[in-house]
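Please treat every number below as a calculation from the coordinates, not as lab data. Since the model is a prediction, treat every value here as computed from it, not as a measurement. Here the Cβ positions follow ideal geometry from the backbone for every residue, glycine too, while neighbour counts run over all protein chains shown.
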Amino acid sequence: MHLTSQDRLFVLTGAGISAGSGLATFRGSGGLWDGHRVEEVATPEAWQADPALVWRFYSQRRRDALAAQPNAAHKALAKIEQRLGNNFYLCTQNVDDLHERAGSHRIHHMHGSLFQSRCTRSNDHFTDHSFYEDPNDLPVCKTCHASVRPHIVWFGEVPLDMDSIYRELDRATVLLVVGTSGSVYPAAGFVNIANQRRIRTIYVGPEEPLNIDSFDEVILSTATEALPSMVE
Ligand SMILES: [Zn+2]
């Protein structure tokens, strides 16, 4: 991937990059957790109906993420960031912290962060590595005693800080999409904006995206295989 000092790189990553570290996505066909479809544990309705079940799901995901390690693709992106500095922006759909643990700093978690929780009254969020697996011991806000929920964007909720995402897209010169289908909103919207601005677009993933024609360059490979050599 040829980049000059004039370039600004916008990277969008999705489940495919974490899959390389063994983290399940639970989305899509057959993605069951403990007999529940993910829609039954990752929606505002699920939270209203059974917060203990929702916390058991996210506690398990915290355990899984803690046990996982960043892979070669996470490290390759951290390496690009070291070179590009402020001309680098990473927007991830993933809620795990593998990018940070690989060394990424300029990162935005559009779907929230697994290791953050937030007060349901004030919406203030805070770092939280705890497990809440006892239905009689669910977390409450230290300040106002309202219930505390995962700081995760659930199905039917709006992604976090879309303004900053569009601002960064607006000044990028290259869009790199990694490990996400690229055909589902919002990724599809990102590549459309990039095309309107006539900037270079690159897709990396093991399967052809439905909107393959929207990309200038398509690399059919897993992120862990493709990204390290793209950095060199
Ligand atoms: Zn509160």
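Using 7 Å Cα-to-Cβ label points, what is the residue 48/residue 120 separation (nm, one decimal)?
1.1 nm
According to the Kirkwood expression over distinct Cα-Cα pairs, how big is the hydrodynamic radius of the stretch 137-228, in Å? Could you put the intermediate results ahead of the total?
Details: mean 1/r = 0.0648 Å⁻¹.
Taking the inverse mean of 1/r over all distinct Cα pairs, the stretch 137-228 comes out at 15.4 Å.
Over the Cα atoms of the chain, each weighted equally, I'd like the Debye log10 I(q)/I(0) at q = 0.12 Å⁻¹, rounded to two decimals.
Relative scattering, expressed as log10 I(q)/I(0), comes to -0.68.
Quick one: if you stick a label point 7 Å off each Cα along the C-beta vector at residue 33 and residue 155, how many nm between them?
1.3 nm
Please find the FRET efficiency linking residue 4 to residue 25, where r is the Cβ-Cβ separation and R0 is fixed at 30 Å, and quote it to the nearest 0.05.
On the way: r = 35 Å, r/R0 = 1.17.
E(calc), rounded to 0.05, equals 0.30.
Around residue 107, what is the net charge, scoring Lys/Arg as +1 and Asp/Glu as -1 over all other residues with Cβ under 13 Å from its Cβ?
Computed value for this residue: -4.
Report the net charge of residues surrounding residue 144, where surrounding means a beta-carbon distance below 15 angstrom and charges are Lys +1, Arg +1, Asp -1, Glu -1. Let's see the in-between values first.
Details: positive: 118, 121, 142, 149; negative: 124.
Local charge sum for residue 144: +3.
With angles folded into 0 to 90 degrees, how steeply does helix 51-67 sit against the dominant principal axis of the chain? Use alpha carbons for both and round to 10.
Compared with the principal axis, the helix lies near 50 degrees.
Would you be so kind as to identify which of 88, 68, 115 lies farthest towards the positive end of the dipole of the stretch 54-139, taking Lys and Arg as +1 and Asp and Glu as -1 on Cβ and the Cα centre as origin?
Toward the positive end, the furthest listed residue is 88.
What full-extension length gain, to one decimal in nm, is calculated for residue 232 and residue 162 as 0.36 nm per residue of separation minus the Cα-Cα distance? Don't jump to the answer; show the numbers that get you there.
Numbers: separation 70, 0.36 × 70 = 25.20 nm, distance 3.14 nm.
Difference between extended and current length: 22.1 nm.
Go ahead and estimate [θ] at 222 nm for the chain from helices alone: -39,500 (n - 2.57) per DSSP H run with n ≥ 4, summed, over the residue count, rounded to 500.
Working: 8 runs with 75 residues, N = 232.
Using -39500 (n - 2.57) per qualifying helix, the result is -9500 deg cm²/dmol.
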